[in-house]
Each structure stands twice: as structure tokens, then as C-alpha cells.
Amino acid sequence: MSAERFRDLLRSERQSAALYRGLAAGAAGERREIFKELAATEERHAAHWAAKLTELGEAVPEAGGPGPRTRLLSWLARRFSADAVLPFVERAEHADAGLYDGDPHAEAGMAADERSHARVLTRMRDEGGIRREPWHRGDRSGTLRAAVFGVNDGLVSNTSLVMGFAGSGAAGRTVLFAGLAGLLAGAFSMAAGEYVSMRGQREAYEREIELESEELRDDPEAEAEELALIYRAKGLDAEEAGRVATTIMKDRDAALDTMAREELGLDPDELGSPWSAAFSSLVAFTAGAAVAVLPYLFASGTAALVVAIALAATALFGVGAALGLLNGRRALRSGARQLLIGGGAALAVYVIGHLIGT
């Protein structure tokens, strides 16, 4: 590794340390102490890269002052609060979380320190009252999410398909088979896509837990300090947080389970089932897609078209209203919006079909 690379890392660690000092100036109580400890860790990293430069016979640059970004964020933290800038710092830390992974020149524990900083900041932000989207934590299995979007996609896409064929003047049997083809193709496509998506997500979660297990094995002291920091971010004082962390770390399985939940935000027992999500998506899409097709099983022509429009409009409004209730919004407004959007799409395809003709 070149001396220039060492100088870049030294400069980066110094700026990070200065930033955490600035955040500490805008915080109070236990949070201030956590920021100071994070700054001390970055200063230790900076000292490591300074020593590397010395080993190469290179001059160690003077520390200098904070950069423009560091000064701005520090000023905002002092002027308003550390919470005001925490999301920006958190994103930067997550971007650099793997900076030292596999780096032979990095000191033991530096890679774990960087990942730890990102997770501690995330925990502090969550505890500070900034909530994550409910889909990311409330539905880890993905089944409910797949069902909701499956119904909506099936309803809008297949209703539009049926309306397009109906608008073209095609025979009732042609509209029926087009609708059934759209239902089957869409349902299996959705199921396959959801399976692949959920499988990839589950493997990513399992990899995170595996990395955490390796860190517990290789550097349990650092993991204990990290767990104590997390509990301090939750509001415990340093002594109590240390005691709780030490107790948990005595049992490696319990420690891994706790670190997965507290540090990674994962429930090892609920990482999501690809098969469950795929089946839910298939059934939900089928249910939504069948609405506009059903009338053509028993009738044709204008009668089937009118009934299909009525059923689809009712279903669109119902899905929108249900989503509104789940999201804590007005059911009537959400239902009307869904009807307007889905109905507009179906009308547009109907007009296009009519213009093109059979």
C-alpha cells in the first residue's frame, strides 16, 4: 500500500475524530460520552496510520483543522442538536463500514470498529425518535408486503389487460382467455420474483449474523464494548450498561442472539421465508387478477363488460381503503385515490384498444 493511501486514511480518521468531538459539543449526558468514545477510537485509528507512515520513513502530516463538512455539521449540532445531523453522519459511516475489511495493513479490530460505529449511530438515531419505515422492521418475513402488492398489481394490471381487449371489440371468449393468460403469467412471475428477492434478502441477513459470529469469536472484548455502547445509547449509565453486556457475553449463543437483535436489528428466528412470500404473492395476485375475468366466465359483450367494470371499481376502492386503514390514513380518501389511479390506467388501455381495434 502506498504512502499516499496511508495519508488519505490518516486524514479521514482525523476528520472523523474532529466530527465526533463536534457532535459531543452539541449533545448532553450519556450521548456526549458516547460521541467522545467514538472520537477516541477514530484518533486511535489515525495514530495507527501515522505509525505506518513512520515505518515507511515518510513524514507525518500536521493535523490541521477540521474540513468544511466537519465544521458545518459540528456547527449544526451545536446550533440545533446532534439529532439534526445524525442521519448524515450515519449514512457516511454505513458507506465506510467495510473500509478495512480484508486490509492487511489495518490493525486487528479496526474493521469491527468501523461497522460498530455505523450500528451505534443507527441505534442512537432510532432511540432519538426517528422511526424507520414499518415495512423494514414490522414485516421482516415479507409475507404481508407481498400479499398487499400482489393484490394491487393483479387487480390493476389484469383489469387493464381485460379492458384493452374489450375496448378492441374482441369476442368474449378472446377477452376471457386473454384475462386468464394475464392472470397465470402475472401470478407465476410475481411468485418467482418474490422468491428470488426474499431468498437474496435472507442470505444477506444470514451473512450479517455469520460476520457477527466471527467477530464474537475473534474479538469478544470489542463486541462487549460495542454492546455496552448500544445499551448506553438506550439510556443506561456506563456502569449498568457494562454490567449487562458482561453478563450477556458469558454465553456465546445468547451473545450472538442479542447482538443480532440489538446491533443488526434482526430476529434470527424470523428472517423471512422465500416460499411463504412466493406463495402469498401468487395467491394475492391471482385474487386481484381474477376480479375482471370472472364476469366473462358467465357472460359476454356489454353485460360482462359492465359487471367487470363494477367489480373492478369496487375492488380498487376496497384495496385502497384497506391500505389507508393499515397506514393510519383516511379510508375514504385512500380508496378514492386508488380508484382514480387504477381506473385511469384501465380506461387508458381501453381507449388504446378501441383505437387499435381487433
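Just so it is clear, none of the values below were taken in a lab; they were calculated from the coordinates. Values in this document were obtained by computation on a predicted structure and should not be read as measured data. A quick note on method: Cβ atoms are made from the backbone with ideal geometry, for glycine too, and the neighbour counts reach across all protein chains shown.
Counting other Cβ atoms within 10 Å, which GluC sites (Glu not before Pro) in segment 28-74 have at most 13 and lie in a DSSP loop?
Passing both the DSSP loop test and the Cβ count: E62.
Could you tell me the calculated FRET efficiency between Q201 and T247, based on Cβ-Cβ distance and R0 = 25 angstrom, to the nearest 0.05?
With a Förster radius of 25 Å, E is 0.20.
With the Cα gyration tensor of the chain in hand, give its eigenvalues times 5 under a square root as the equivalent ellipsoid semi-axes, listed largest first in whole angstrom.
Square roots of five times the eigenvalues give 55, 22, 21 Å.
Tell me the label-point distance for the pair A171, R44, using the 7 Å Cα-to-Cβ offset, in nm and rounded to one decimal.
For the pair A171/R44, the computed spacing is 8.0 nm.
Quick one: 3J(HN,Hα) in Hz for segment 165-171, Karplus 6.51/-1.76/1.60 with θ = phi - 60°, rounded, Gly and Pro as x.
Running phi through 6.51 cos²θ - 1.76 cosθ + 1.60 with θ = phi - 60° gives 5, 5, x, 6, x, 5, 5 Hz.
For segment 254-358, which GluC sites (Glu not before Pro) are in a loop by DSSP, counting at most 12 other Cβ atoms within 10 Å?
Passing both the DSSP loop test and the Cβ count: E270.
Tell me, in nm to one decimal, what length is gained between E239 and E107 on full extension, where the rule is 0.36 nm per residue of separation less the Cα-Cα distance?
Taking E239 through E107 to full extension adds about 44.7 nm, to one decimal.
If I model a spin label as a point 7 Å beyond the Cα along the Cα-Cβ vector, how far apart are those points for A63 and A299 in nm?
8.2
From the backbone phi of segment 280-289, what are the Karplus-calculated ³J(HN,Hα) couplings (6.51 cos²θ - 1.76 cosθ + 1.60, θ = phi - 60°) in whole Hz, Gly and Pro given as x?
Each residue's phi maps through the Karplus curve to give 4, 5, 4, 5, 5, 4, 4, 4, x, 6 Hz.
Gain in length, R333 to E210, computed as 0.36 nm per residue apart minus the alpha-carbon separation, to one decimal in nm?
39.7 nm
Under the rule that an exposed site lies in a DSSP loop and has at most 14 other Cβ atoms within 10 Å, name the longest stretch of the chain with no trypsin sites (Lys or Arg not before Pro) of that kind, not counting the sites themselves.
In short, 1-130.
By the gyration tensor of its Cα atoms, with a ≥ b ≥ c the square roots of the eigenvalues, what is the shape of segment 36-118: rounded for a/c under 1.5, prolate for a/b over b/c, or oblate?
oblate
Counting helices only, and only those DSSP H runs with n ≥ 4, report the 222 nm mean residue ellipticity of the chain as the sum of -39,500 (n - 2.57) divided by its residues, in deg cm²/dmol to the nearest 500.
Only helices count here, giving -27000 deg cm²/dmol.
How high is the FRET efficiency from S189 to D218, r the C-beta distance, R0 56 Å, rounded to 0.05?
Calculated transfer efficiency: 0.80.
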